[in-house]
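K.L.:
Got a structure for you, written out below as structure tokens; questions coming shortly.
The values are calculated or read from the model by the stated rules, or taken from the named source; none is laboratory data. The model shown is predicted, which means the values in this text are computed figures rather than measured ones. Every residue, glycine as well, gets a Cβ built from its backbone with ideal geometry; the counts of neighbours run over all protein chains shown. Accessible surface is based on the protein model in full, side chains and every heavy atom, while ligands, DNA and RNA are left aside. Shrake-Rupley method; radii C 1.70, N 1.55, O 1.52, S 1.80 Å.
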Amino acid sequence: MAPAASCGGGVGLCPLLLLFLPGLAAGPAGMLQPRDTPSRERRELGGLWSFRADLSPGRDAGFAQRWYRRPLRQSGPVIDMPVPASFNDITQDASLENYIGWVWYEKEVLLPARWLQGEPAPRVVLRFGSAHYYSIVWVNGVQVVEHEGGHLPFEADISSVVQGSPGTLCRITVALNNTLTPHTLPPGSIQYMTDKSRYPKNYFVQNIRFDFFNYAGIHRPVVLYTTPAAYIDDITVTTTSSDSVAMVQYQVSVAGSTASSLSLSLRDQEGKVVATGDGPVGELKVLNPNLWWPYLMHENPGYLYSLEVKMQAQVGGVLLEDVYTLPVGIRTVHVTSTQFLINGRPFYFHGVNKHEDADIRGKGLDWPLIVKDFNLLRWLGANSFRTSHYPYAEEIMDLCDAYGIVVIDESPGVGIKLPESFGNKSLQHHLAVMEELVRRDKNRPSVVMWSVANEPASELPPAAHYFKTVIAHTKALDPSRPVTFVTDANYALDHGAPYVDVICVNSYFSWYHDPGHLEVIPLQLTAQFENWYKTYQKPIIQSEYGADSVPGLHSDPPMMFSEEYQQALLREYHAVLDKKRKEYVVGELIWNFADFMTNQGTTRVLGNKKGIFTRQRQPKAAAFVLRDRYWKIANESSCLPPVITSHSLFL
């Protein structure tokens, strides 16, 4: 919370002046994950960057004084800021913890001479895994890209800016704004406090309608990578299979020139070529395929082939070759009125909801934390999670593919509550975000369903057109996967539910409703399931349920916020779920995997405590309840011999 100048009428902010600045928007090109190959190099730019928050009254001094034109340290005081990380918790400055507006990052790097010379010289691309929320990027004072959205990658070809001057520093400047409006995703609003007897001049707060802290910063790796001047731009893969044969359909797009040849080789994990193809569109036939199976459904879960794509093209009389290797999992997904099928077998989601959240680093990518979380997931016997409530880092998704952890891939559509957030401006941005998400994750076998939103005000009449449009658009982008959104609306009032393939419903009986009364859960939860299924005849996932517990707080009989109450609430839900999963309930996802930070408030003591693990990843009593349950379910549904126990950790 900090003062800022109004930009007319008190409803906007000068920080959002960026929406009217001319610039290069991120285009609709492919978004292949950067990889080292025989024709490509990558260099991560993690570490310490120079950082400065714009503390001017209008948050616009950086633009007025053109801080991007010269080294940031020449504009005024700068501090070191780690990347990737959220900036909020790094310093002892309380004003930075809740800062809203523009912040500035800068990194100076020296590029290899081989990247800058040659005829033709290679493409040099600058890529951000994510930066929250709105970014403008300059290289050596030249604007190269703008991007709206805090959870998906964006990039710019900077070849023309950096080439021809080997040995000189490449200065990367980023202006980043975390302001949320009714038309951003997630939405928010700025509220000016005009009572001068209670608030300083131009005082405002950022209001949000979601229950996690709005961390900001460069959250994921920044990478420089190269490709030849003619290159593989995008690859799309879908798969079908039977008992003995699988077909891998592919489509490859190239850029920079027309390919004179394009060849594909599919290799198994031993490096053996199992299928080959030629041309930009086709299919590969794989005999006796190793299917991609979820964790605990097969003795070898997460099986990945490697699809090597090679192209050759003439550019300026020079023959260039580009090579890209894509992990491929062969699996199918199908939904009936009562089942969710993976490779033709019923799949039951026994998993978690998560957050990208941890002490100090906020939402910044952190490898030790990521590996710890996956070890805990497998210890727990969890086979799935939802990326609540935004797309997670590609590095996390890579491990889901490799370990067989099934993913419901969710957009940042959380907190869509105000009527104005259902208008055309919001809708067009939501469609663009789904395009970015599908483009990034379309080839991942772990992703079995798209979720376009979480707990929107879907009881409002405009929600019908809004979600009909978003879901149809997502299905057009990717016809191979079901689409859902997660609702907490009444089954009889939800205008978006008719358009989803799977009903995902959140409920907190005996917590937010009838708090403290565990005895109401059996009746209310049973009625919830029966009403939804009677109305829509679609499979149902209990996509959130849970209770806060303060670690070490005990009460018998169970009282709210004690570890015993959290255990008791879970057991009441599980008793009903055990009955309904024999019918049409196809999954349960606990809220939440771990405690996480939220805005300060009278109901939040250093964050949300609904985790079965603490924020430091230590188990509460409920973790053991869930662990026993998930391993029991795995034993019931696994194709493996019934010797799996909670002690067979598969680690």
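K.L.:
If ARG386 meets every condition in (1) under 21 Å from HIS151 (Cβ atoms); (2) open to solvent by 10 Å² or more (accessible area, probe 1.4 Å); (3) among the basic types (Lys, Arg) apart from one, which number is that one?
P.N.:
The one condition ARG386 does not meet is (2).
K.L.:
Within the stretch 162-180, restricting attention to residues that are modelled with pLDDT under 95 and open to solvent by less than 40 Å² (accessible area, probe 1.4 Å), which residue is nearest to LEU48 (Cα to Cα)? Please lay out each step first, then the result.
P.N.:
Looking only at the stretch 162-180, we keep the residues that are modelled with pLDDT under 95, and these are 162-170.
The next check asks that each one be open to solvent by less than 40 Å² (accessible area, probe 1.4 Å); those that pass are 162, 170.
Details: VAL162: 22, CYS170: 16 Å.
Step by step, filter the stretch 162-180, then rank; the result is CYS170.
K.L.:
Would the stretch 460-480 turn up any residue that is assigned to a loop (DSSP other than H, G, I, E, B), open to solvent by less than 10 Å² (accessible area, probe 1.4 Å) and not acidic (Asp, Glu)?
P.N.:
No, there is no match, as no residue in the stretch 460-480 is assigned to a loop (DSSP other than H, G, I, E, B), open to solvent by less than 10 Å² (accessible area, probe 1.4 Å) and not acidic (Asp, Glu).
K.L.:
Scan GLU519, GLU435, GLU420 and give me the residue that is in a helix (DSSP H, G or I), in the same structural domain as GLU564 (by the TED database), open to solvent by 40 Å² or more (accessible area, probe 1.4 Å) and without any contact (Cβ under 8 Å) to a residue 24 or more places away in the chain. Lay out the reasoning, then the answer.
P.N.:
Details: GLU435 fails: without any contact (Cβ under 8 Å) to a residue 24 or more places away in the chain; GLU420 fails: without any contact (Cβ under 8 Å) to a residue 24 or more places away in the chain.
One residue alone meets the criteria, GLU519.
K.L.:
Given the options ARG66, ARG59, ARG70, name the one that is on the phi > 0 side of the Ramachandran plot, open to solvent by less than 80 Å² (accessible area, probe 1.4 Å) and either β-branched (Val, Ile, Thr) or more than 28 Å from the chain's Cα centre (by Cα) (or both). Even if it seems obvious, please write down each step before you answer.
P.N.:
Values: ARG66 fails: open to solvent by less than 80 Å² (accessible area, probe 1.4 Å); ARG70 fails: on the phi > 0 side of the Ramachandran plot.
After applying the criteria, what remains is ARG59.
K.L.:
Name the single residue, out of those in the stretch 532-556 being over 25 Å from SER384 (Cβ atoms) and either assigned to a loop (DSSP other than H, G, I, E, B) or not assigned by the TED database to the domain that holds PHE485 (or both), that is least open to solvent (accessible area, probe 1.4 Å).
P.N.:
Looking at residues that are over 25 Å from SER384 (Cβ atoms) and either assigned to a loop (DSSP other than H, G, I, E, B) or not assigned by the TED database to the domain that holds PHE485 (or both), I get SER555.
K.L.:
Also, I was wondering about something else. Across the stretch 569-597, which residue is nearest to the chain's Cα centre (by Cα) among those that are open to solvent by less than 10 Å² (accessible area, probe 1.4 Å) and under 17 Å from VAL502 (Cβ atoms)?
P.N.:
Of everything passing the filter in the stretch 569-597, LEU589 is nearest to the chain's Cα centre (by Cα).
K.L.:
Which of the strands (runs of 3 or more DSSP E) contained wholly in the stretch 78-131 include at least 2 residues that are closer than 14 Å to TRP49 by Cα and open to solvent by 10 Å² or more (accessible area, probe 1.4 Å)?
P.N.:
Details: elements: 79-83, 102-110, 123-128.
Correct list: 79-83, 102-110.
K.L.:
Quick test for you: out of LEU369, LEU380, LEU376, pick the one residue that is surrounded by fewer than 23 Cβ atoms within 10 Å (Cβ to Cβ) and either more than 18 Å from HIS219 (Cα to Cα) or more than 17 Å from the chain's Cα centre (by Cα) (or both).
P.N.:
Numbers: LEU369 fails: either more than 18 Å from HIS219 (Cα to Cα) or more than 17 Å from the chain's Cα centre (by Cα) (or both); LEU380 fails: surrounded by fewer than 23 Cβ atoms within 10 Å (Cβ to Cβ).
So the residue among LEU369, LEU380, LEU376 that is surrounded by fewer than 23 Cβ atoms within 10 Å (Cβ to Cβ) and either more than 18 Å from HIS219 (Cα to Cα) or more than 17 Å from the chain's Cα centre (by Cα) (or both) is LEU376.
K.L.:
Do we find that LYS580 is closer than 20 Å to ASN353 by Cβ, assigned by the TED database to the domain that holds VAL483, at pLDDT 95 or above and among the charged types (D, E, K, R) in this structure? Walk me through it before giving the result.
P.N.:
Values: closer than 20 Å to ASN353 by Cβ: yes; assigned by the TED database to the domain that holds VAL483: yes; at pLDDT 95 or above: yes; among the charged types (D, E, K, R): yes.
Here the answer is yes, as LYS580 does meet what is asked.
K.L.:
Tell me, yes or no, whether the stretch 254-262 has at least one residue that is surrounded by fewer than 17 Cβ atoms within 10 Å (Cβ to Cβ), free of Cβ contacts under 8 Å to residues at least 24 places away in the same chain and assigned to a strand (DSSP E or B).
P.N.:
no
K.L.:
Pairs, please: C-beta under 6 Å, at least 6 apart or cross-chain, first residue of a type in the set (D, E, K, R) and in the stretch 332-360, second in a strand (DSSP E or B) and crowded, with 20+ Cβ neighbours inside 10 Å?
P.N.:
Partner pairs satisfying both residue conditions: LYS354/PHE385; ASP357/PHE596.
K.L.:
Are there any pairs, at least 6 apart or on different chains, whose C-beta atoms fall under 6 Å, with the first in the stretch 557-585 and part of a strand (DSSP E or B) and the second open to solvent by less than 20 Å² (accessible area, probe 1.4 Å), and if so, which?
P.N.:
From residues that are part of a strand (DSSP E or B), the pairs are PHE561/ASP548; VAL585/ILE540.
K.L.:
Any residue in the stretch 184-210 that is over 23 Å from HIS147 (Cα atoms) sitting within a Cβ distance under 6 Å of a residue that is of a type in the set (Ser, Thr, Tyr) and open to solvent by 30 Å² or more (accessible area, probe 1.4 Å)? List the pairs, counting only those 6 or more apart or interchain.
P.N.:
Close Cβ pairs satisfying both conditions: MET193/TYR199; MET193/TYR203; PHE204/TYR192.
K.L.:
What single numbered condition from (1) open to solvent by 10 Å² or more (accessible area, probe 1.4 Å); (2) within 28 Å of the chain's Cα centre (by Cα); (3) without any contact (Cβ under 8 Å) to a residue 60 or more places away in the chain fails to hold for VAL505?
P.N.:
Every listed condition holds for VAL505 apart from (1).
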